[in-house]
Amino acid sequence: MTQEIGTELPLQQQESVVIRFAGDSGDGMQITGNQFTGTSAILGNDLATLPDFPAEIRAPAGTRPGVSGFQIHFSSSDIHTPGDAPDVLVAMNPAALAVNLGDLKQGGIIVVNTGNFKATDLKKAKVDPSPLEDHSLDGYRVIKIDINERVKMALADSPLSSKDVQRCKNFYTLGLMYWLYSRPLETTLNWLEEKFKKKPDLVKANQMALKAGYNAGDIHEMFQGQYEVPACNTMPAGKYRNIMGNPALSLGLVAGAELAKLDILLGAYPITPASDILHQLSNYKNFGVITMQMEDEIAAICAAIGGSYAGHLGITATSGPGMALKGEAMGLAVSAELPLVIVDIQRAGPSTGMPTKVEQTDLLQSIFGRNGEAPMPVLAASTPADCFDMAIEACRIAVEYMTPVILLSDNYLSNGSEPWMLPKLEDLKPFEAKFRTDPEGYQPYSRDEKGARPWVKPGTPGLEHRIGGLEKENLTGNICYDADNHELMTNLRQAKLMAVRESIPTPEVTGASDADVLVLGWGSTLGPITSAVDKSIVAGKSVARIHLRHVWPLPHGLDEIFSRYKLILVPENNLGQMARILKSEYPTHNFHSYAKVQGKPFTTTDILAKITEILES
Amino acid sequence: MSVTIAPLTKKDLKSDQDVRWCPGCGDYAILNAAQGALAKLGIPKENFMWVSGIGCSSRFPYYMDCYGFHTIHGRAPAFATGIKTANPELSVWIATGDGDCFSIGGNHIIHLLRRNVDVKVLLFNNEIYGLTKGQYSPTSPVGHRSKSTPVGSVDRPFNPLSVALGAGATFVARTMDNDMKHMTLTINQSAAHKGTAFVEIYQNCVIFNDGAFNEVAEKSVRKSKTIDLQPGQPMVYGAEDEKGLRLREFHVERCTAEEADIWDPTDASPARAFLMAQLDQDPEMPNPIGILRMIDAPIFDLEVTKQVTDAVEKKGRGKLEDLIYAGDLWDVE
């Protein structure tokens, strides 16, 4: 590049910045956001991202339901969330501006594509009068650019049709943002080469648009200066990549199967936001992974249980509505005592609810949502990268205890991203599955010290046996309706669940070992809770935090921890499901539920305000 | 590598469990026929895998001394698909009933058939719900009086053969619980088929629907009320095999034995098989038994596992390190 960064305009340092790219769902905002993310990651920023897109594939162009957004928070210090309020809003049309303006920080920057603010555009977005003219944007720094026109001019010599030229708008916009935040273009230029390998015209056009946007920053003096967000130097040393929750979870499942020395058999049925796990695993055939897209959610889990019965690691991945359908089969897996991993990427319910929005409302369904006493361990990942670790943990518990395990993630984790410090493979502890082959003294429902029964592959000579969902006689596994035996078996299954506690750590408290408030979270609330508690501690408040990754059974040691705090605040994206469990498990402590069910994650500000409110009351 | 397999006897496949069907139930004969047929297949008993759902027929696996999985209502085809794909070496069998297969399990059976998973399905059709004590089923005839239809059912029933043919089944056959010889033959034929084999068995429920098939299956009328369709054989029936059927355009007509067509279940088009399946509707016509359809098609479990072995062969067995340490990486010092 010939352009010297910041030669004419002042370069200011900023610690952290939040940008939200917003446009029509066909405008390529997710690509734009992901490119900005990749470049920032390689620059060494800590970061967190959150896409926000409609459930509709293409809602009518220019309308508010069709707005797709991508928020990135990048920083030179440790961060835990994609940021509460954007510093910069890139609005590609009036609908994007109208939908997102309310979130923008006071005095923030709005980059607006005036090329899409004609009367028809305003009408489609139901915006009247134009916000560009009615002074409603007076509290912001508004940068008006006719990106449609700029791209047209920049690509005047391109052989692409005028429609295809306009599709390069997002790269012009990205170039502009790269200039504003002093980012290099190389990562994206290379990505375009790779992406459109077979279409050199598209590579060239998009690269030209990117460079034109970048150069426009200097030439047109739209901005008062450039900013720089230096690399984050508090991140632990190691090798990193940026990762979203669902890809991390998929990799974790493959890793878990390797550590168990098993091949995966995934039974799945497409459902937002879990389908990406099916997509990703279906590309890992050379890892021995079998994926089967079944006819429905029930068939998906049944095929997975069949896989486990035959000696594979059965896995199924779904979301809330699918969990409801799978309930009966989960009960069979409990009764047959077979390993199985059930992944639930939670979304807003009930019923179809809001498929692309976040909620933590499947907790009670996961713990209790089956007929009969059907105890199952439930885990919850807390960050996108943690999805990797928790997927391994789910495989471990399933295999070591011969039990189905539910792993909860959610829509915030599945699509959000963060830098992932890559594990050293030698640090991953193996838990090789043991298959019984010795007929001597074999009993299908004998148990080892963990309470697990022997796993036998059909095809093993001398160990032929029959099992099913009817109650089984202890040890022999024969059908048995005896009263005392049923109580014994019910207690044995429960005891096996509780035995899982012996293999899970007591979570650590961050902050004072005794204080006025302990903030307890589980799942994806970790980010905003960490940010809010960190800030409270810096402000001298008497606050600490604890986070649960094993949500059922609960780990040992919590009772003693809870006894050191006056009040335990439990923020959840539900109406207090975990708080309800804690109240019944630890009735002597003072739990305070903080519910948010807007289809959106908590912000740091939300939790900070709640902590302050409690401390002041 | 050749392994000598000690031949099995029927007794080898009898489990130590007490059989708990009602005295006189047709299931006993089916169990007996299956044990006899399977023992002679030359398959080691540890490779037999019976899968079932819920219902009287679904107790079947408990009585076979091999691997057995008694699962949940209607879902046996999905479990069997998982098991067979995880280990295509197994000889996987499903025992199911008309409610299990065509009511609650309707979705799964059609998908098993269309995928052509190498699984054998024995449908015990007694046109009634037995285990729940006597409600009409999706194969009960219109007007059937049962506990849940005191003035007669109004639902039009499924014809199991037509449903299987419509779902693209590659092997479709029918037999009867009171004809041990034919039942054994049909089970053997289904075992020899590569792909999903669907076998409907007229099964008598002595308690809730006794004699449902007497009009066609009773020994004294069977020869004239059924026609045994066998590949390459003339389509003849009657006490002395004196009657015949022939296909003319889109209908089936009766004729003399000499004029009868030769039956070919391997025809690329299922049209003739459909016509034969529909004969049940016509009281003047014999009900078809034997093999209605028998064609070759790609087999799901082999295709799925081939994609996996091909990928391993082409790319080598994947290394976790390559998967994790992939994409744009950076170092933090």
### Query
Going by the conditions given, is A:Phe223 more than 10 Å from chain B (Cβ to nearest Cβ), of a type in the set (Phe, Trp, Tyr) and more than 20 Å from the chain's Cα centre (by Cα)?
yes
### Task
Determine which member of the set A:Gly311, A:Gly307, A:Gly322 is within 11 Å of chain B (Cβ to nearest Cβ), at pLDDT 95 or above and part of a helix (DSSP H, G or I).
A:Gly307
#### Entry: Entirely in the stretch A:374-470, the strands (runs of 3 or more DSSP E) that have 2 or more residues that are within 14 Å of another protein chain (Cβ to nearest Cβ), open to solvent by less than 20 Å² (accessible area, probe 1.4 Å) and not small (Gly, Ala, Ser)
A:417-421
### Query
Of the residues in the stretch B:62-84, how many are more than 7 Å from chain A (Cβ to nearest Cβ) and surrounded by fewer than 24 Cβ atoms within 10 Å (Cβ to Cβ)?
1
### Query
Would you call A:Leu122 of a type in the set (A, V, I, L, M) and over 23 Å from A:His73 (Cβ atoms)?
yes
### Task
Among the candidates A:Ser366, A:Ser282, A:Ser319, single out the residue that is over 27 Å from A:Leu475 (Cα atoms), surrounded by fewer than 24 Cβ atoms within 10 Å (Cβ to Cβ), within 23 Å of the chain's Cα centre (by Cα) and of a type outside the set (A, V, I, L, M, F, W, C).
A:Ser282
### Summary
Picked from the stretch B:285-333 (must be over 22 Å from the mean Cα position of the chain (by Cα) and among the polar types (S, T, N, Q)), the residue nearest to the other protein chains (Cβ to nearest Cβ) is B:Gln307
### Task
Give the residue that is least open to solvent (accessible area, probe 1.4 Å), with candidates limited to residues of the stretch A:475-486 that are more than 12 Å from chain B (Cβ to nearest Cβ) and out of contact with any Ser or Thr (no Cβ under 9 Å at 6 or more places or on another chain).
A:Asn485
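Residues in the stretch A:487-494: is at least one outside any helix (DSSP H, G or I), over 20 Å from B:Phe69 (Cβ atoms) and more than 14 Å from chain B (Cβ to nearest Cβ)?
The answer is no; no qualifying residue exists.
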### Message
So for the stretch B:17-29 (the condition being within 11 Å of another protein chain (Cβ to nearest Cβ), modelled with pLDDT of 95 or more and open to solvent by 10 Å² or more (accessible area, probe 1.4 Å)), does at least one residue qualify?
### Response
no
### Message
If I filter the stretch B:246-259 for residues that are without any contact (Cβ under 8 Å) to a residue 24 or more places away in the chain, in contact with a strand residue (DSSP E or B) (Cβ under 9 Å, 6 or more places away or on another chain), open to solvent by 10 Å² or more (accessible area, probe 1.4 Å) and within 30 Å of B:Leu90 (Cβ to Cβ), do I get at least one hit?
### Response
no
## Note on the structure
Output for Cβ contacts, cut-off 8 Å, separation at least six or different chains, first residue more than 14 Å from chain B (Cβ to nearest Cβ) in the stretch A:39-61, second outside any loop (DSSP other than H, G, I, E, B) and basic (Lys, Arg), reads A:Pro60/A:Lys124; A:Ala61/A:Lys124
#### Entry: Only one of A:Leu122, A:Leu192 that is in the same structural domain as A:Pro60 (by TED's automatic domain parsing), farther than 29 Å from A:Asn45 by Cβ, in contact with a helix residue (DSSP H, G or I) (Cβ under 6 Å, 6 or more places away or on another chain) and of a type in the set (A, V, I, L, M)
A:Leu122
### Task
Spot the failing condition for A:Glu328; the list is (1) assigned to a helix (DSSP H, G or I); (2) open to solvent by 10 Å² or more (accessible area, probe 1.4 Å); (3) away from chain B (no Cβ under 13 Å), and only one is missed.
(3)
#### Entry: Residue ID - farthest from A:Asn411 (Cα to Cα), chosen from residues in the stretch A:51-67 that are modelled with pLDDT under 90 and buried (at least 17 other Cβ atoms within 10 Å of the Cβ)
A:Ala59
### Message
Let me confirm something: among A:Lys124, A:Lys144, A:Lys169, which residue is surrounded by fewer than 24 Cβ atoms within 10 Å (Cβ to Cβ) and touching a residue at least 60 places away in the same chain (Cβ under 8 Å)?
### Response
A:Lys124
### Query
Any idea which of (1) touching an Asp or Glu at 6+ places or on another chain (Cβ under 7 Å); (2) without any contact (Cβ under 8 Å) to a residue 12 or more places away in the chain is the one A:Pro587 doesn't satisfy?
(1)
### Query
Residues A:Val334, A:Val341: which one is of a type outside the set (D, E, K, R), out of contact with any Lys or Arg (no Cβ under 8 Å at 6 or more places or on another chain) and touching a residue at least 12 places away in the same chain (Cβ under 8 Å)?
A:Val341
### Summary
Only unsatisfied item for A:Gln293, checking (1) facing chain B (nearest Cβ under 9 Å); (2) free of Cβ contacts under 8 Å to residues at least 40 places away in the same chain; (3) open to solvent by 10 Å² or more (accessible area, probe 1.4 Å), is (1)
### Task
Quick one: in the stretch B:158-172, of everything that is polar (S, T, N, Q) and in contact with an Asp or Glu (Cβ under 8 Å, 6 or more places away or on another chain), which residue is nearest to B:Ser269 (Cα to Cα)?
B:Thr170
### Of the criteria (1) surrounded by fewer than 21 Cβ atoms within 10 Å (Cβ to Cβ); (2) of a type in the set (A, V, I, L, M); (3) more than 9 Å from chain B (Cβ to nearest Cβ), which one A:Met235 fails
(3)
### Query
Using beta carbons and a limit of 7 Å, which pairs, at least six apart or on different chains, have the first residue in the stretch B:137-152 and free of Cβ contacts under 8 Å to residues at least 12 places away in the same chain and the second one surrounded by 14 or more Cβ atoms within 10 Å (Cβ to Cβ)?
B:Gly143/B:Ser153; B:Gly152/B:His144
#### Entry: Identity of the residue in the stretch A:280-290, facing chain B (nearest Cβ under 7 Å) and assigned to a loop (DSSP other than H, G, I, E, B), that ends up farthest from A:Thr352 (Cα to Cα)
A:Gly288
### Message
Quick check on the stretch A:17-36: of everything there that is at pLDDT below 95 and of a type in the set (S, T, N, Q), which residue is farthest from A:Ile271 (Cα to Cα)?
### Response
A:Asn34
### Task
Determine whether the stretch B:298-309 contains at least one residue that is buried (at least 19 other Cβ atoms within 10 Å of the Cβ) and acidic (Asp, Glu).
yes
### Query
Can you pull out the residues in the stretch B:85-104 that are at the interface with chain A (Cβ under 10 Å from one of its Cβ atoms), outside any helix (DSSP H, G or I) and open to solvent by less than 10 Å² (accessible area, probe 1.4 Å)?
B:Leu90, B:Val92
#### Entry: Selection within the stretch A:267-279 - more than 10 Å from chain B (Cβ to nearest Cβ) and either over 24 Å from A:Gly349 (Cα atoms) or not in a loop (DSSP other than H, G, I, E, B) (or both)
A:Ala268, A:Ser275, A:Asp276, A:Ile277, A:Leu278, A:His279
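The values are calculated or read from the model by the stated rules, or taken from the named source; none is laboratory data. What you see is a predicted model; the values in this text were computed from it and never measured. When we count neighbours, we look across all protein chains shown, and the Cβ atoms used for this are built from the backbone with ideal geometry, even at glycine. SASA here: full protein model, heavy atoms, side chains in, ligands and nucleic acids out. Shrake-Rupley method; radii C 1.70, N 1.55, O 1.52, S 1.80 Å.
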